[in-house]
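Notes to accompany the following structure.
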Amino acid sequence: MRLNSFLKLTPEYRDYVWGGDRLRPGHHPTAEAWVVWEGDRIEGGELAGKTLGEAASQFGIELLGSRVYARTQGRFPLLVKLLDCAQWLSLQVHPNDKQAVELEGAGQFGKTEAWHILDAQPNSKLIAGLKPGTSADVLADAIRNGTVEGLSQYVSVAPGDTVFMPAGTLHALGPGLLVYEVQQSSDLTFRVYDWGRPQTATRRLHIEKSIQVTRPDFTSTVLPMPNCGDGTSDELIRCDYFTLELLSASSHSIELDTKNETFHAVTVIEGEARLQAGDEDVELEKFQTALIPASVGRYQLFPLEKCKALKASG
Ligand SMILES: [Zn+2]
């Protein structure tokens, strides 16, 4: 079979203590929806019930695209989550690819990530790096003593803001935020500080690894919402691991093209949309996601009502 249809993905949910009510009404708390993940199952069509990871190994370059396949040797490289934060998440840091192998062994990957703020209660904040001028020695002492929060760079954010978090950036999401997060698919998170919450088997601090990985000179800036039009695509982030674009449409369609180089992952964040390629189509409601295999090539997004969507590609 040829892979020429959209793959609608069923999210997996994670019900951590800090979650809220906005992702899955009626299930409290729901902290995370994993909307694009190699373990997510495909809804409908010939691949129904298979995971995205299984489809990626079956179809390889057709699904991933030539550029991504050459970089990842067939592994699906991204994870996209929606996070509903009712409390502060732990202060954490991720290694880069080189440190991931040095600290955790061959086959491990680092994690660079980006956040797009979907909703925020007034005065919502997050932590994005360290205060300017923080030295490595002062940082190491503060991580060991549990006082790193005092050195952290707090920033206020509003809906539509985007923040880029390269590996090595100290970070934490604060209460009131609903966030779209795109990241390298990696499990390596080092917990630097957890607001005095008790350390349990699944919520330990990783003091020495955090000291090795956290960059004292990294502070992230907030990128404001672009001036979206009708039928527009605005690039928010481009890095070695992913590109993130904001699609906005109220009456005009948007022409999109994988160019056979990469897959696209389109997640509707406002309104509803229909994707169409030839006689294949799929409708997406708010927070639903379609994976567009690289072999689909050209396709269109039609707004069913005033619509915004985020498109991540590899
Ligand atoms: Zn993180």
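Provide the net charge surrounding E181, with neighbours chosen by a C-beta distance below 14 Å and charges set as Lys +1, Arg +1, Asp -1, Glu -1. Cβ neighbours under 14 Å give a net charge of -2.
What shape does the range 232-313 take by its C-alpha gyration tensor, where a ≥ b ≥ c are the square roots of the eigenvalues and a/c under 1.5 counts as rounded, a/b above b/c as prolate, and the rest as oblate?
On the way: a/c = 1.71, a/b = 1.19, b/c = 1.43.
Taking the square roots of the gyration eigenvalues as a ≥ b ≥ c, the range 232-313 is oblate.
Cross-link partners of K259 among lysines, defined as those whose alpha carbon lies under 24 angstrom from its own and excluding same-chain residues fewer than eight positions apart: K8, K308, K311.
The length gained by stretching the chain between N145 and S250 to full extension, at 0.36 nm per residue less their Cα-Cα distance, is 32.6 nm.
If the cut-off is a Cα-Cα distance under 17 Å, which aspartates and glutamates reach K131, setting aside same-chain residues fewer than 8 apart in sequence? Reachable aspartates and glutamates: D141, E149, D217. Listed by chain and number, the aspartates and glutamates placed with their C-alpha closer than 15 angstrom to that of K111 are D97, E102, E181, D187, D240; residues fewer than eight positions away on the same chain are left out. Inter-label distance, L304 to A136: 5.4 nm, where each label sits 7 Å from its Cα along the C-beta direction. For the chain, adding -39500 (n - 2.57) for each run of n ≥ 4 DSSP H residues and dividing by the number of residues yields -3500 deg cm²/dmol at 222 nm.
Only Cα pairs under 8 Å and at least 6 apart count here; give the relative contact order of the range 7-223 as a rounded whole percent.
Values: 513 pairs, mean separation 50.8, N = 217.
23 percent.
Which shape class applies to the range 34-101: rounded if a/c is under 1.5, otherwise prolate when a/b exceeds b/c and oblate if not, where a ≥ b ≥ c are the square roots of the Cα gyration tensor eigenvalues? Present the calculation step by step, with values, prior to reporting the outcome.
Working: a/c = 3.33, a/b = 1.33, b/c = 2.50.
Here the range 34-101 falls in the oblate category.
For the range 7-223, a Kirkwood hydrodynamic radius built from all Cα pairs, placed in the Stokes-Einstein relation at 25 °C and 0.890 mPa s, yields a translational diffusion coefficient of 134 µm²/s. Descending by average beta-carbon neighbour count within 10 Å, the peptides 148-157, 133-142, 92-101 line up as 92-101, 148-157, 133-142, the highest first. Report, to the nearest 10°, how far helix 136-145 tilts away from the longest principal axis of the Cα atoms in the chain, using its own Cα long axis and a range of 0 to 90°. Relative to the chain, helix 136-145 is tipped by roughly 80 degrees. Distance distribution P(r), the range 153-297, all Cα-Cα pairs, bin width 5 angstrom from 0: 2, 7, 14, 18, 18, 14, 11, 8, 6, 3, 1, 0 percent.
Any read-out appearing in this document is the output of simple, stated calculations on the displayed coordinates, not a laboratory observation. Worth saying up front: this structure is predicted, and the values here are computed from it rather than measured. Neighbour counts are summed over all protein chains in view; Cβ atoms, including those assigned to glycine, are modelled from backbone coordinates with ideal geometry.
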